[in-house]
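Here is the structure we will look at, set down as structure tokens.
The values are calculated or read from the model by the stated rules, or taken from the named source; none is laboratory data. Not measured: the values here are computed from a predicted model. Glycine also receives a Cβ, built like all others from the backbone with ideal geometry; neighbour counts cover every protein chain displayed. With ligands, DNA and RNA removed, areas are computed over all heavy atoms of the protein, side chains included. Shrake-Rupley method; radii C 1.70, N 1.55, O 1.52, S 1.80 Å.
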Amino acid sequence: MTFQPVSARLDVPAVERAVQAVWDERDTMARYLARNRGADKRYSFLDGPMTANNPMGVHHAWGRTYKDLYQRYHAMLGEDQRFQNGFDCQGLWIEVEVEKELGFANKREIEIYGIDRFVEKCKQRVQRFADQISRQSLRLGYWMDWDNSYFTNSDRNNYTIWDFLKRCHQRGLIYRGHDVMPWCPRCGTGLSNMEIATEGYREIGHLSVTIKLPLTDAGREGESLLVWTTTPWTLSSNVGRRSIRILSTSWWRRPMASAGG
């Protein structure tokens, strides 16, 4: 038996392409996605979408690897799943990048250019990078139903949000108030903490606890909810409030003593 010569230099991209070619030839991903379809047990997974504004970064690949790990594990358990990827298509980040592409210096230039044309440019940028991220994810070995990704700028998503807000308004759950928040005078909008460049990213340790809450519903014996929190100091007050409610209920239900008793 003779061995083929092995290069001393490992070409990782070439190995990736060779493995992907085998998967494509055997239709491996499609078979994997369909193997548990219609199974009695289902694992619910909803992808938290990444913003389709630039190519996928290492931190995105890290998170997607974890997602893929969990879904593959539940696939091996024989559970049916929805392998649907998502793309976040709205936000200040996309607008600012399109402004850079067009060479705009302020928001007034968007109105001069035409808001409708600017919106279309934003949509085109989203689609361009959604396609690129999908290709990158395939190279990563992330198996999802890539032809059925959901986009947050879809009419269905937006009309659902408006319907939700309408129902909240009808129930009196929406009110006008005031809040203190960072404001960008150039962009003319409030800023979230993720949009503020301060010290950048760093890894820190954070105190957290996970508590187990047994379900009391009939037929769900032995099942529990795992609740994770980074504010463990609130647990004692939660238990205290529950105890007060129980004591209050017990006191009001206690039989009143007779006048002669």
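For the range 38-85, residues that are hydroxyl-bearing (S, T, Y) and either over 17 Å from the mean Cα position of the chain (by Cα) or surrounded by 14 or more Cβ atoms within 10 Å (Cβ to Cβ) (or both) total 3. Listed by first and then second residue, the pairs with beta-carbon distance under 8 Å, at least 6 apart or on different chains, first residue in the range 132-152 and over 12 Å from M50 (Cα atoms) and part of a helix (DSSP H, G or I), second open to solvent by less than 40 Å² (accessible area, probe 1.4 Å) and small (G, A, S), are Q136/A61; L140/A61; W146/S134; W146/S137. Of the residues in the range 173-182, at least one is open to solvent by 60 Å² or more (accessible area, probe 1.4 Å), of a type in the set (V, I, T) and either modelled with pLDDT of 85 or more or farther than 30 Å from H59 by Cα (or both). The conditions are (1) assigned to a helix (DSSP H, G or I); (2) touching a residue at least 40 places away in the same chain (Cβ under 8 Å), and F118 fails exactly one of them. Which is it? It is condition (2) that F118 fails. The residue that is nearest to the chain's Cα centre (by Cα), counting only those in the range 97-124 that are of a type in the set (A, V, I, L, M) and open to solvent by less than 50 Å² (accessible area, probe 1.4 Å), is V98. Annotation note: of Q127, Q90, the sole residue that is outside any helix (DSSP H, G or I) and in contact with a strand residue (DSSP E or B) (Cβ under 9 Å, 6 or more places away or on another chain) is Q90.
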